[in-house]
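For reference, the structure is listed below as structure tokens.
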Amino acid sequence: MTLLPQLLRKQLTLALEKTDAEIPDGFQVAISLAKDARFGDYQSNSAMILAKRLKQNPRELAQAVVDAGEWDSLCEKPEIAGPGFINFKITTETLQNHTLKVFSDGHLGVPQADPAQTIIIDFSAPNVAKPMHIGHIRSTFIGDCLNRVARSLGHEVITDNHIGDWGTQFGMIIYGWKKYLNKEALAEDAIRELVRVYRQVNAEAKADEAVMQACRDELVKLQQGNADNHAIWQETVDLSLNQLRSIYDWLGISFDHYLGESFYNDRLGPVVDELTEKGLAEESDGAMCIFFRDIPALAEKPAIVRKRDGGFNYATSDLATIDYRVSELNADKIWYVVGAPQQLHFQQIFAATKMRGKNVDMTHVAHGSILGSDRKIMKTRDGDNVQLLDVLQAAVERASAIVKEKNPTLSKDEQKDISEAIGLGAVKYAELSQHRMTDYIFSWDKMLSFQGNTAPYLMNAYVRTRAIFRKLGDDVTFSDAVTIEADGERALAIKLTQFGETVPDILNDFRPNLLANYLFELAQTFHSFYEECPILKSEGGTRASRLVLCELTSRVLKQGLDLLGIRVTDRM
Ligand code: ARG
């Protein structure tokens, strides 16, 4: 489907070409949403920018463009504002037709990517034998949202949970497993027991060099393929994954692969050999390193790919992972949704990949931190990380108390279902409505409020649309024409057509918050429409047309929230 701004861009380009202005090569006109709806729906600053380049008067050029254009039925004659902005107001006729097109489009007006690409999204990626903590919210929810958005645009997406399942911590875990493991506690809550054992050994090893050495020996045995140690490692990974998977299931998040670090073990040596042969890695102080002498930002920061003791590290493992993703998974793009502190690591492996001559488009989709009310990284009273599962459970409990109070007549099952949708939705929305680089304060009251830019507010707008159809029962006819008369109808219709503009934009800079903001504005616009334009009390064509707007709002809210990973319910 062609979007309204695309149509405007086309007409604006034609108009510009009809003026005397000499258009420089590659110059493209731009259309954006109007800053102030009173002056129109869209605006363009292109005449201003071009006039500046051509040293002409911007308002005069804008006027020439407006006069030269054939705006037909697309928009009213554009108006010029301020220093040379051109404002466009879509005609009622075009808006009516376009809204109807969006209503009958299976993608709700979201254009499909052409060409579709194969995109690997690397997100969540916790380390095994440790619980996921509140910090994992960011990568997990942003990654899941990008996955949903890219798929909805028609891309081939492969989600890969690159879990940290290989590392020096296994020396201590294996040592502790053999000595201190409580099998019953393990069966009850595997990760908790593994953490307990790890902590105990860690404390001992700090105090006693002999224990430290024993742990190192266990690690070496694991790395050399010792069967007992390998079996313990495997069981640890399996048990951890079971627990992780149940959290993902609850959250409605799934991965195509769980190819953790251990998967690449056998590929690490060959990567370093190849780097050495090509002269890309060289020895420095006994370690093998890649130097980035031509890249100023990295000139002083080589990446170690083999340590002095012969061990490989995080960078080696990521280089091997890229090889696999490019050659076996045919990746065109790889997105890493990982916290900002790993920026240097990704700069290094991206630079190394380029030096190796691999052609794949990679992005570090970085994010900031979640803070407690003291503006510091959130911790429990004991100074531990706040566990993700505890946060999710608390959210659902709090939601449950609110639901019971608001709607005491719901059945038990309904109450549970709605509380889960609200609780989990609230935590997800609090994340996704923020710019990913902003550090934000985790606040229960804010995220669970039914007012303001929150999940409950949006879910409630959806519930309101469903309530209308419930009241009507079978008495629903959608008109095959949308008629726009009232201001509230116009504002809602134009907003609805902008869903298709918003969704692709998310991927420009990986910003789920653009969609959250859009949905919030849509819900507000719907509420105003609802106040201004009676539906049940209206009749005939007016009612049938308003029902189209109402049903379309319902679909866009549901689909939009689904792209954020948030489930709606019919009642609340
Ligand atoms: N497990 C890593 C961590 O917890 C994140 C892995 C991110 N993905 C990657 N391919 N490096 O920090």
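Structure notes:
- Dipole of the chain, positive end: most advanced residue of 174, 190, 207 [Cβ charges, Cα centre]: 207
- The mean accessible area for residues of the chain, using a 1.4 Å probe and ignoring ligands and nucleic acids, is 47 Å² per residue.
- In plain terms, the chain from residue 354 to residue 54 could stretch by 104.1 nm, reckoned as 0.36 nm per residue minus the Cα-Cα distance.
- Model label sites at residue 376 and residue 20, defined 7 Å from Cα along the beta-carbon direction, differ in position by 6.9 nm.
- Cα→Cβ-extended label distance, 7 Å offset, between residue 293 and residue 441, nm: 5.1 nm
- Added length on full extension, which subtracts the Cα-Cα distance from 0.36 nm per residue, residue 187 to residue 308: 39.6 nm
- Reach of residue 307 by Cα under 17 Å, taken over lysines that are not fewer than 8 positions away in the same chain: none
- Beta bridges from DSSP with both residues in the chain: antiparallel share about 55 percent, rounded to the nearest 5.
- Helix 227-251 and the longest principal axis of the Cα set of the chain meet at an angle near 20°.
- The 3J(HN,Hα) values that the Karplus relation (6.51, -1.76, 1.60; θ = phi - 60°) gives for the stretch 3-12 are, in residue order, 7, 4, x, 5, 5, 5, 4, 4, 5, 5 Hz. Gly and Pro appear as x.
- Remark: the Cα gyration tensor places the stretch 178-333 in the oblate category, a/c being 1.5 or greater and a/b not exceeding b/c.
- Across the accessible surface of the chain, with the other protein chains kept in place and a 1.4 Å probe, carbon and sulfur atoms take up 46 percent.
- Distance-filtered residues of the stretch 390-411 - backbone nitrogen under 20 Å, label point 7 angstrom along residue 467 Cα→Cβ: 399-411
- Dipole magnitude of the stretch 21-170 about its Cα centre (Cβ charges: Lys, Arg +1; Asp, Glu -1), debye to nearest 20: 560 debye
- Burial ranking of peptide ranges 550-560, 272-282 (average Cβ count within 10 Å, highest at the top): 550-560, 272-282
- Most tightly packed first, judged by the mean number of other beta-carbon atoms within 10 Å of their residues, the peptides 472-479, 210-217 read 210-217, 472-479.
- Residues residue 571 and residue 93, FRET efficiency given R0 of 51 Å [Cβ-Cβ distance, rounded to 0.05]: 0.85
- Filter on 333/354; 221/278; 428/471 - keep pairs with C-alpha separation over 21 Å: 221/278; 428/471
- A cut-off of 5 Å between modelled amide H atoms, ignoring neighbours fewer than 5 places along the same chain, links residue 19 with no other residue.
- Between the helical axis of 136-152 and the longest alpha-carbon principal axis of the chain there is an angle of about 50 degrees.
- Too-long pairs where the Cα-Cα distance tops 20 Å, listed order kept, from 35/89; 406/495; 10/558: 406/495; 10/558
- Check: the chain dipole with +1 on Lys, Arg Cβ and -1 on Asp, Glu Cβ, in debye: 1080 debye
- Helical mean residue ellipticity (222 nm; -39500 (n - 2.57) per DSSP H run of 4+; nearest 500) of the chain: -17500 deg cm²/dmol
- Computed from phi, the 3J(HN,Hα) profile of the stretch 99-112 under the Karplus parametrisation 6.51, -1.76, 1.60 (θ = phi - 60°) reads 4, 5, 5, 4, 4, 9, 8, x, 9, 6, x, 7, x, 8 Hz, with x in place of Gly and Pro.
- Scaled against 2.2 N^0.38 Å for its residue count N, the alpha carbon radius of gyration of the stretch 434-572 is 1.10.
- Taking label points 7 Å from Cα along the Cα-to-Cβ direction, residue 104 and residue 199 give a separation of 6.4 nm.
- Rounded if a/c under 1.5, otherwise prolate or oblate - the stretch 36-176, Cα gyration tensor axes: prolate
- In this structure the amide hydrogen of residue 157, modeled in the peptide plane, comes within under 5 Å of the amide hydrogens of 119, none closer than 5 places in sequence on its chain.
- Acute angle (nearest 10 degrees) that the helix 487-497 long axis makes with the longest principal axis of the chain, alpha-carbon atoms: 40 degrees
- With all projection directions averaged, the alpha carbon convex hull of the chain covers 32.3 nm².
- Here the scattering of the stretch 108-191 is modelled by Debye summation over its C-alpha atoms, one equal scatterer each and no solvent; at q = 0.25 Å⁻¹ the log10 of I(q)/I(0) is -1.17.
- Proportion of all alpha-carbon pairs of the stretch 304-439 beyond 23 Å (%): 57 percent
- ³J(HN,Hα) computed for each position of the stretch 215-221 - Karplus, 6.51 cos²θ - 1.76 cosθ + 1.60, integer Hz, glycine/proline x: 5, 4, 5, 4, 5, 4, 4
The values are calculated or read from the model by the stated rules, or taken from the named source; none is laboratory data. From a predicted model like this one, the values you see are computed outputs, not experimental measurements. All Cβ positions, even for glycine, are placed from backbone atoms using ideal geometry, and neighbour counts span all protein chains on display. Accessible surface areas use protein heavy atoms only, side chains included; no ligands, DNA or RNA. Shrake-Rupley method; radii C 1.70, N 1.55, O 1.52, S 1.80 Å.
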